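One structure is given here, and the rest of the page talks about it.
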Amino acid sequence: MLILIDDADVTKIKELYAKYPYDGVTTNPTILSKTGNPDPMDQLKKIQSVMPKDAMLHAQVLSTETEDMVREARHMVSVLGENTYIKVPVTANGLKAIDILAKEGISATATAVYGVMPAFMAAKAGAKFLAPYVNRLDNLGYDGVQTAKDIHTMIKASGYETEVLGASFKNSQQVLEMGKFGIGAVTVNPDTLKSLALNQVAEKAVQDFIRDFEGCCGEGKTMLDF
Ligand code: G3P
């Protein structure tokens with residue numbers, strides 16, 4: 001399962017990459033706005049500068065008409081490079097835009113996915129990833145995890161190479177459910193990522209081992225001393 005960072009804060013992204021090799025970064029207009037940088041392309045370039053060259057960057061169009069979405073996507077790829085996945089909401093106009101972009105060889109990530117059928121239509125249109133909003137679905141009274149699983153089942157049963165990119169998580173359990181079901185990718189906010197893989201319990205266990213070892217073998221000693 002690919003694991004991406006759902007944030008646009010360069011310091012946080014750098015900090016996470018220093019500890020673990022993630023697969024890329026996803027943003028949306030709200031996430032970008034939180035950085036306070038009025039130039040989103042500058043912010044996206046800054047994010048790229050702290051990511052490995054082959055990592056994916058997902059960034060979203062703002063336009064709502066098909067032709068405008070396509071023009072915006074082409075511009076974003078020309079500025080940010082080909083490893084940029086253009087997030088397109090699965091509106092009627094968005095589905096058509098995904099179809100056009102796929103035919104041009106531009107990678108599209110269908111976003112704002114709130115149901116199985118819109119996701120399936122986006123896969124059919126040629127999207128590379130489908131991003132169901134797991135927690136937002138839960139908040140609407142639906143089962144977000146189950147929706148993501150159903151999308152995965154349906155696209156795989158149809159033979160599409162498109163992958164689910166689970167998004168909008170509020171806790172680790174929702175993310176783990178994705179992994180256990182073989183979902184292709186998730187994008188997770190830094191706090192949830194840290195609680196998943198970089199927890200304090202392991203750090204505490206290490207401190208206990210050191211305390212016990214030093215009690216027997218001497219302060220500051222490691223295996224190198226023997
Ligand atoms: O980027 C899409 C998704 O991850 C949004 O998450 O936390 O705003 O529901 P959230």
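The values are calculated or read from the model by the stated rules, or taken from the named source; none is laboratory data. Worth saying up front: this structure is predicted, and the values here are computed from it rather than measured. Here Cβ is always computed from backbone atoms with ideal geometry, including for glycine, and neighbour counts include all displayed protein chains. Areas reflect the complete protein model, heavy atoms only, side chains present, ligands, DNA and RNA absent. Shrake-Rupley method; radii C 1.70, N 1.55, O 1.52, S 1.80 Å.
Would you check if there is a residue in the stretch 31-42 being at pLDDT 95 or above, assigned to a loop (DSSP other than H, G, I, E, B) and polar (S, T, N, Q)? Can you show your working first?
Initially, the stretch 31-42 is screened for residues at pLDDT 95 or above, giving 31-42.
Among the residues that remain, those that are also assigned to a loop (DSSP other than H, G, I, E, B) are: 34-39.
Now narrow it down to the ones that are polar (S, T, N, Q): 35, 37.
Among the residues of the stretch 31-42, at least one is at pLDDT 95 or above, assigned to a loop (DSSP other than H, G, I, E, B) and polar (S, T, N, Q), which makes the answer yes.
Test Leu140 against the criterion of being open to solvent by 40 Å² or more (accessible area, probe 1.4 Å), of a type outside the set (Gly, Ala, Ser) and within 15 Å of the ligand (Cβ to nearest atom), and give yes or no.
yes
Mind checking whether some residue in the stretch 187-208 is within 12 Å of the ligand (Cβ to nearest atom), of a type outside the set (Phe, Trp, Tyr) and part of a strand (DSSP E or B)?
Within the stretch 187-208, one or more residues are within 12 Å of the ligand (Cβ to nearest atom), of a type outside the set (Phe, Trp, Tyr) and part of a strand (DSSP E or B).
Is at least one residue of the stretch 196-213 in contact (Cβ under 8 Å) with a residue 60 or more places away in the chain, within 18 Å of Asn139 (Cβ to Cβ) and out of contact with any Ser or Thr (no Cβ under 6 Å at 6 or more places or on another chain)? First the steps, then the outcome.
Here is the first cut: in the stretch 196-213, the ones in contact (Cβ under 8 Å) with a residue 60 or more places away in the chain are 197-198.
Filter again for within 18 Å of Asn139 (Cβ to Cβ), leaving none.
Within the stretch 196-213, none of the residues are in contact (Cβ under 8 Å) with a residue 60 or more places away in the chain, within 18 Å of Asn139 (Cβ to Cβ) and out of contact with any Ser or Thr (no Cβ under 6 Å at 6 or more places or on another chain).
Among the candidates Leu57, Leu2, which residue alone is touching a Gly at 6+ places or on another chain (Cβ under 7 Å), within 16 Å of the ligand (Cβ to nearest atom), open to solvent by 20 Å² or more (accessible area, probe 1.4 Å) and touching a residue at least 12 places away in the same chain (Cβ under 8 Å)?
Matching residue, one of Leu57, Leu2: Leu2.
So, in the stretch 70-94, of the ones that are open to solvent by less than 40 Å² (accessible area, probe 1.4 Å) and not in a strand (DSSP E or B), which residue ends up nearest to the ligand (Cβ to nearest atom)?
Ranking the candidates gives Val90 first.
Which of the numbered conditions does Met117 fail, given that it passes all the others? Conditions: (1) farther than 18 Å from Met1 by Cα; (2) surrounded by 18 or more Cβ atoms within 10 Å (Cβ to Cβ).
Unmet condition: (2).
If Leu196 passes every condition in (1) within 30 Å of Val145 (Cα to Cα); (2) loosely packed, with under 10 Cβ neighbours inside 10 Å but one, which one does it miss?
Just one mismatch for Leu196, condition (2).
Evaluate the following for Ile106: is it touching a residue at least 24 places away in the same chain (Cβ under 8 Å) and open to solvent by 20 Å² or more (accessible area, probe 1.4 Å)?
yes
Identify, from the list Ile106, Ile3, Ile98, Ile13, the residue that is hydrophobic (A, V, I, L, M, F, W, C) and assigned to a loop (DSSP other than H, G, I, E, B).
On the way: Ile3 fails: assigned to a loop (DSSP other than H, G, I, E, B); Ile98 fails: assigned to a loop (DSSP other than H, G, I, E, B); Ile13 fails: assigned to a loop (DSSP other than H, G, I, E, B).
Going through Ile106, Ile3, Ile98, Ile13 in turn, the sole match is Ile106.
Suppose we filter Val145, Val164 for residues that are under 13 Å from Leu4 (Cβ atoms) and either buried (at least 22 other Cβ atoms within 10 Å of the Cβ) or modelled with pLDDT under 95 (or both); which single one remains?
Values: Val145 fails: under 13 Å from Leu4 (Cβ atoms).
Step by step, each of Val145, Val164 is checked, and only Val164 is under 13 Å from Leu4 (Cβ atoms) and either buried (at least 22 other Cβ atoms within 10 Å of the Cβ) or modelled with pLDDT under 95 (or both).
Among residues belonging to the stretch 143-186 that are part of a loop (DSSP other than H, G, I, E, B) and charged (D, E, K, R), point out the one that is nearest to the ligand (Cβ to nearest atom).
Checked the stretch 143-186; the qualifying residue nearest to the ligand (Cβ to nearest atom) is Lys170.
Quick one: which of Lys180, Lys156, Lys221 is open to solvent by 40 Å² or more (accessible area, probe 1.4 Å), in contact with a helix residue (DSSP H, G or I) (Cβ under 7 Å, 6 or more places away or on another chain) and of a type in the set (Lys, Arg)? Spell out how you get there, then give the answer.
Working: Lys180 fails: in contact with a helix residue (DSSP H, G or I) (Cβ under 7 Å, 6 or more places away or on another chain); Lys156 fails: in contact with a helix residue (DSSP H, G or I) (Cβ under 7 Å, 6 or more places away or on another chain).
Selected residue: Lys221, the only one of Lys180, Lys156, Lys221 that is open to solvent by 40 Å² or more (accessible area, probe 1.4 Å), in contact with a helix residue (DSSP H, G or I) (Cβ under 7 Å, 6 or more places away or on another chain) and of a type in the set (Lys, Arg).
Taking the condition assigned to a helix (DSSP H, G or I), surrounded by 23 or more Cβ atoms within 10 Å (Cβ to Cβ) and in contact with a Pro (Cβ under 7 Å, 6 or more places away or on another chain), does Ala122 pass?
no
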